1. List the helices (runs of 4 or more DSSP H) inside the stretch 114-231, counting only whole elements, that have at least 3 residues being hydrophobic (A, V, I, L, M, F, W, C), within 13 Å of the chain's Cα centre (by Cα) and within 20 Å of residue 99 (Cα to Cα).
2. Do any residues in the stretch 124-152 that are within 19 Å of residue 105 (Cβ to Cβ) have Cβ atoms under 7 Å from those of residues that are acidic (Asp, Glu), where the two are at least six apart or on different chains, and which pairs are they?
3. Checking residue 155 against (1) in contact with a Leu (Cβ under 7 Å, 6 or more places away or on another chain); (2) surrounded by fewer than 14 Cβ atoms within 10 Å (Cβ to Cβ): exactly one of these is not met. Which one?
4. For residues that are buried (at least 17 other Cβ atoms within 10 Å of the Cβ) and not aromatic (Phe, Trp, Tyr), scanning just the stretch 211-225, find the one that is modelled with the lowest pLDDT.
5. Tell me, which residue of the stretch 167-182 that is small (Gly, Ala, Ser) and surrounded by 12 or more Cβ atoms within 10 Å (Cβ to Cβ) is nearest to residue 112 (Cα to Cα)?
Amino acid sequence: MAGLLAHGVHLLLVILGLIGVAVLLLPQLQATRSRRTTFRRPADPHEHEQRVAALRSAVEDGRLTSAPDVATSPTAPAQAGRDSSLWRVVAASSSVAAAGVHAAVFPHHLDEAFLVGVFFLAVTLAQAAWACLLCLDATRPLLLAGIAGNLALIALWGVSRSVGLPFLGREGVGGWDLAAGAWELALVAACLVSLRRSAAQRALVLGDLGRLAWSWVALSGVALVVLTLTVSQH
């Protein structure tokens, strides 16, 4: 019964994680789509000729190289209020990936000991919630909490794999462990970089994802899928 309940909770966490990722990434996809549809084809050849004539006139008058009017730009407010830095995406996606690892091994640890299972469930929820908060406002206390919490998890993992923990003994090292540790280290490094930025920059909402950011998100997702299909949850 406990095992069935554990797997049910695991499935629920996976579904909630997918919904959370979709909510976070949907605005990015919509923004990309809107940029692609900004320039439409001319309705007729005369409109195209008018555009060419206006462009030539701007070149002759020297207006083509002048600075754009930010106040009249429809996209200026949205761009000014968002942060597209790579570190923020790395920190948030790494936290979500680490939460996925803890969710995957949660059923096994619940069968092993009830309190240990509850601990892994709490870590899963905490890492997922931290990632959501980071996307909204990367405050200094939030970043410090992420650094301290993940370093504590790494230290606890090191103790459990070296000298062992009371009543549990020493556990072996597996693929899930190494993956979680790698994501947590990446999170800590990204948070350390973010602490050097201004409070105004960190207060911005997460903006459009760049190519490197999308690559990290995709790599993390593929790694989770591979681990799920090839590595035991022990």
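The values are calculated or read from the model by the stated rules, or taken from the named source; none is laboratory data. This structure is a prediction, so every number in the text was calculated from the model and none was measured. As a convention, Cβ positions derive from the backbone with ideal geometry for all residues, glycine included, and neighbour counts pool all protein chains shown.
1. Details: elements: 114-136, 140-162, 175-194, 199-202, 211-230.
The helices (runs of 4 or more DSSP H) meeting that bar are 114-136, 175-194, 211-230.
2. 150/184
3. In the conditions (1) in contact with a Leu (Cβ under 7 Å, 6 or more places away or on another chain); (2) surrounded by fewer than 14 Cβ atoms within 10 Å (Cβ to Cβ), residue 155 misses (1) alone.
4. 213
5. Within the stretch 167-182, the match that is nearest to residue 112 (Cα to Cα) is 174.
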